[in-house]
Amino acid sequence: MRGGVGFPTPHSYIYIMKKCSKCHTTKPLTEFRRNKNTPDGRQVECAVCRRLYKNEYLKSYYNKKPWMMEWRKTFSMLINRTSSIRKYNDNVDVVGYSGRQLNEHLSAINPLWRDSRYSVEHIIPLSKFNSNTPQDIVHNLQNITILTKEQNREKLGNMGRVSDNFWNNIRQYINEQ
Ligand SMILES: [Zn+2]
């Protein structure tokens, strides 16, 4: 008889082992985070390496492009204000609108935008703008939309989706390389 009730057999899920592509340690599959795009449904590096790699990557990225850190901070502050009791109506000078206005913009696109299936994204990604771009251009409501996680992965939110008028106003700030 192979394995009793509640006793894991060698074929049980927790016994599937996998070698991490970064630290080259063989670990149980459960120590790799899920990823729908790989054959075994897990990431190639273990969760520990993933975390280290991500932090290092972000650090070096923001060292090279410090303005991006600033822009990301502004944007998360704006998102926070869409549900802030105290600051909901306050205008944010660098972008020229309030959390209430952002909430109204997003709710008009998709009333369920707060659901975890969706994410709030810049249509033209922050990385495309020159470092001297004013934040009322970068975070202009015309550049902010709701995407599903899949759409965001496939980069369906890019470029072509902004209006011609908006594009003409901002193209001087776009990094063409
Ligand atoms: Zn590892």
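Throughout, read-outs are computed from the coordinates displayed, never taken from laboratory work. Keep in mind it's a predicted model, so treat the numbers as computed, not measured. Counting neighbours? That spans all protein chains shown, and the Cβs are built from the backbone with ideal geometry, glycine included.
Taking Ser21 and the conditions (1) part of a helix (DSSP H, G or I); (2) of a type in the set (Gly, Ala, Ser); (3) within 16 Å of the ligand (Cβ to nearest atom), which numbered condition does it fall short on, given that it satisfies the others?
For Ser21, the failing item is (1).
Show the residue pairs that are 6+ apart or on different chains and have beta-carbon atoms under 8 Å apart, the first residue being within region 63-77 and within 15 Å of Pro125 (Cβ to Cβ), the second being part of a helix (DSSP H, G or I) and of a type in the set (Gly, Ala, Ser).
Every condition considered, the pairs that remain are Lys65/Ser127; Met68/Ser127.
Go through region 90-106 and give me each residue that's touching an Asp or Glu at 6+ places or on another chain (Cβ under 9 Å) and of a type in the set (A, V, I, L, M, F, W, C).
Answer for region 90-106, where residues must be touching an Asp or Glu at 6+ places or on another chain (Cβ under 9 Å) and of a type in the set (A, V, I, L, M, F, W, C): Val94, Val95.
Here is a list of conditions, (1) surrounded by fewer than 14 Cβ atoms within 10 Å (Cβ to Cβ); (2) of a type in the set (A, V, I, L, M); (3) over 22 Å from Met77 (Cβ atoms), and Val162 meets all of them except one; can you say which number that is?
Single failed check for Val162: (1).
With (1) buried (at least 16 other Cβ atoms within 10 Å of the Cβ); (2) farther than 26 Å from Asn55 by Cα; (3) in contact with a Lys or Arg (Cβ under 6 Å, 6 or more places away or on another chain) as the list, and Tyr173 as the residue in question, which single condition is left unmet?
Every condition holds for Tyr173 apart from (3).
Please pick out the residue among Glu70, Glu56 that is more than 16 Å from the ligand (Cβ to nearest atom) and out of contact with any helix residue (DSSP H, G or I) (no Cβ under 7 Å at 6 or more places or on another chain).
Glu70
Please indicate, with yes or no, whether at least one residue in region 136-145 is touching a residue at least 60 places away in the same chain (Cβ under 8 Å) and either surrounded by 12 or more Cβ atoms within 10 Å (Cβ to Cβ) or outside any helix (DSSP H, G or I) (or both).
Let us first name the residues in region 136-145 that are touching a residue at least 60 places away in the same chain (Cβ under 8 Å), namely 138-139.
From what's left, either surrounded by 12 or more Cβ atoms within 10 Å (Cβ to Cβ) or outside any helix (DSSP H, G or I) (or both): 138-139.
Within region 136-145 (the criterion being touching a residue at least 60 places away in the same chain (Cβ under 8 Å) and either surrounded by 12 or more Cβ atoms within 10 Å (Cβ to Cβ) or outside any helix (DSSP H, G or I) (or both)), the answer is yes, since at least one residue qualifies.
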